[in-house]
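Asks: Right, I'll just put the structure down here and ask away after.
The values are calculated or read from the model by the stated rules, or taken from the named source; none is laboratory data. Since we're looking at a predicted model, the values are computed, not measured. Ideal geometry is used to build each Cβ from the backbone, glycine not excepted, and the neighbour counts take in all protein chains shown. Note: accessible area is taken over every heavy atom of the protein model, side chains too, but ligands, DNA and RNA are not part of it. Shrake-Rupley method; radii C 1.70, N 1.55, O 1.52, S 1.80 Å.
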Amino acid sequence: MLKPEENELLTRVGPGTAGGALFRRYWQPALLSEELPEADGPPLRVRILGEDLIAFRATDGSIGLVDAFCPHRRAPMFFGRNEDCGLRCVYHGWKFDTTGKCVDMPSEPPDSLFKEKVSIPAYPTFEAGGMVWAYMGPADAIPPKPDYEWLRSVDAPVRIEDPRVV
């Protein structure tokens, strides 16, 4: 029988927890590829390991997984516009690419370097086996991508059937 503090240690996976630190060292399945079917389509809310994130498919087909809130006024990025390889905040128009780098600030002069100093937390992703995978750990410790046979052999999205549904 576990003590309450041992149970907390083993079951909590949010940021700053021992379980969260362990799981963040591995590639995590974040969502199905079919949930982001089209480039520049609507963003999607995702919650992984206790973090609220926004997933979006950029114009070039890459997947962005960024913090759920803009770093300026904490406006929800879910309501942002997905356009031209970036997600634009609906509040003030700052645009972030899939790596979290700010690529446009309409409120600043064109020669301003302020956007070089601004970024949003973002996680690397890749698609395999009909799923989007995310790495949420330290950037200097990224492990190799999973090489499960079903990731190499399946072209169609993975379907998980609920056995309770007949």
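Asks: Taking the options PRO144, PRO157, PRO110, name whichever one is open to solvent by 80 Å² or more (accessible area, probe 1.4 Å) and either touching a helix residue (DSSP H, G or I) at 6+ places or on another chain (Cβ under 7 Å) or modelled with pLDDT of 95 or more (or both). I'd like the intermediate steps shown before the answer.
Replies: Values: PRO157 fails: open to solvent by 80 Å² or more (accessible area, probe 1.4 Å); PRO110 fails: either touching a helix residue (DSSP H, G or I) at 6+ places or on another chain (Cβ under 7 Å) or modelled with pLDDT of 95 or more (or both).
Answer to the check: PRO144.
Asks: List pairs: first in region 38-54 and assigned to a loop (DSSP other than H, G, I, E, B), second loosely packed, with under 14 Cβ neighbours inside 10 Å and β-branched (Val, Ile, Thr), Cβ under 9 Å, 6+ apart or cross-chain?
Replies: The qualifying pairs are ALA39/THR59; ASP40/THR59.
Asks: Here is a further query. Taking into account only those residues within region 1-58 that are among the hydroxyl-bearing types (Ser, Thr, Tyr) and exposed (fewer than 14 other Cβ atoms within 10 Å of the Cβ), which is modelled with the lowest pLDDT?
Replies: THR11
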